[in-house]
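Notes follow the structure.
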């Protein structure tokens, strides 16, 4: 039957569809993000056949839950982020910068899972010999991993129906294309259609499918935002300055999004960090540390890390104050600086402020505000803080120190790391670590910088 071709415009940021080109997307507000797409429809208006996951109507209480639906990937850090292991069926989107280790962690996972079920590695960017060479370099079992190197959606769907693997890796999603769509591979229409088709097919056969996704220069996964809504889990691979790889979940239907996985990369592939408690702080000799440095505990899921906040305050080079901070939100740094100026009498309006976090970890907790304030004060006054002192707490605009969640876990982590004194509010002593109850920023500064530390 003859087909009619129509033109529509799709926002590359959110997937919103318009019949004509707009300079600004009315859905997400992005400028110049609409891309022209040709869509083929049958003359009678019927849509193309799509994969049906389950067309039966059943009571929810009658749906069985099998104990084998979740299985360990063989990598503890990956299991932690996924919520305890790989779920079947499910769909997972993994994004990250080029060379960070997305393909490496995926093929390592498949090698571990191949002992329990058949696995399929779909490569749209590497030839079969390249995949084999990388597997041999990582000392993986190659006789248990099936490889399929074709980017056609129809051929891939046919191969999956024939092999019916338990675990599938698509590397990468942006290389797939469907012949039924006239647009190029990687276009918003192709990415959306291929992701939906393979996600439904994986759920139909009871498999777990992992999509490796490219990222834009802003660090977001390339393609329409609707792809992240289609899948069950969205993982982001980040690179820290210390050489660590950080794996986070921005969405997880089967677990928490608060967990973080830590990996190191060597010639044998990616390996989980066994002792992450002190990985973000520098080892120094002596009691005192350089001015502008403060320590604070942060909670990520079920684990607590001790991080080092670094601040540098120097006279402004121009007439306006400038704040440089990419690991802590610049608005938070500006707010803490204003609190110090108003309630501690510290003049910062004529100073440029540089803020960093040791190890390259990004911090978003409100509990870091007290330690950030102490680091700024230490740098401005050029007075160091004791290396055995830490602080945590939220700062109100009135200069008060407010309590934060998981204070007992934070105290336990500080005690294990040998900190003797902690500035906080309403916290109990933990072993040798003594909490100092501070009510506001003034009392915190007096306690932190008094001679009898």
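Any read-out appearing in this document is the output of simple, stated calculations on the displayed coordinates, not a laboratory observation. Computed from a predicted structure; not experimentally measured. Counting neighbours? That spans all protein chains shown, and the Cβs are built from the backbone with ideal geometry, glycine included.
Tabulated data for the structure shown
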| read-out | value |
| --- | --- |
| Residues 340, 244 arranged by fewest to most Cβ contacts within 10 Å | 244, 340 |
| Rotationally averaged projected area of the chain (alpha carbon convex hull; nm²) | 27.4 nm² |
| Relative contact order (%) - the chain, alpha-carbon pairs under 8 angstrom, separation at least six | 12 percent |
| Relative contact order %, region 265-363, counting alpha carbon pairs below 8 Å whose residues are six or more apart | 30 percent |
| Length-normalised contact order for region 68-274 - Cα pairs under 8 Å, 6+ apart - percent | 29 percent |
| Helix axis angle, 369-381 relative to the chain longest principal axis, alpha carbon, degrees | 50 degrees |
| For the chain, share of DSSP beta bridges that run antiparallel, in % to the nearest 5 | 55 percent |
| Between helix 188-205 and the chain: long-axis angle, C-alpha atoms, 0 to 90°, nearest 10 | 80 degrees |
| Expected 222 nm ellipticity per residue - DSSP helices of 4 or more, -39500 (n - 2.57), all of the chain, to 500 | -7500 deg cm²/dmol |
| Which of 355, 57, 279 has the fewest Cβ neighbours within 10 Å, and the rest in rising order | 57, 279, 355 |
| Peptide ranges 24-30, 310-316 listed from the most packed, as the mean C-beta count within 10 angstrom indicates | 310-316, 24-30 |
| Spin-label proximity, residue 321 to region 436-451 - amide N less than 17 Å from point 7 Å beyond Cα toward beta carbon | 441-442 |
| Stretchable slack from residue 19 to residue 216, in nm (0.36 nm times residue separation minus alpha-carbon distance) | 68.4 nm |
| Order of 370, 198 - criterion: other Cβ atoms within 10 Å of each residue's Cβ, fewest first | 198, 370 |
| Intensity falloff of region 127-202 expressed as log10 I(q)/I(0), Debye formula with alpha-carbon point scatterers, at q = 0.15, 0.22, 0.27, 0.28 Å⁻¹ | -0.57, -1.02, -1.28, -1.33 |
| Alpha carbon centroid spacing (whole Å) that separates region 151-219 from region 295-326 | 41 Å |
| Degrees separating the helix 128-137 axis from the principal Cα axis of the chain, which is the longest one | 40 degrees |
| Volume per residue of the C-alpha convex hull in region 96-146, rounded to whole Å³ | 80 Å³ |
| Measure of compaction for region 316-365 (Cα Rg per 2.2 N^0.38 Å) | 1.19 |
| Quotient of C-alpha Rg and 2.2 N^0.38 Å, computed over region 152-279 | 1.19 |
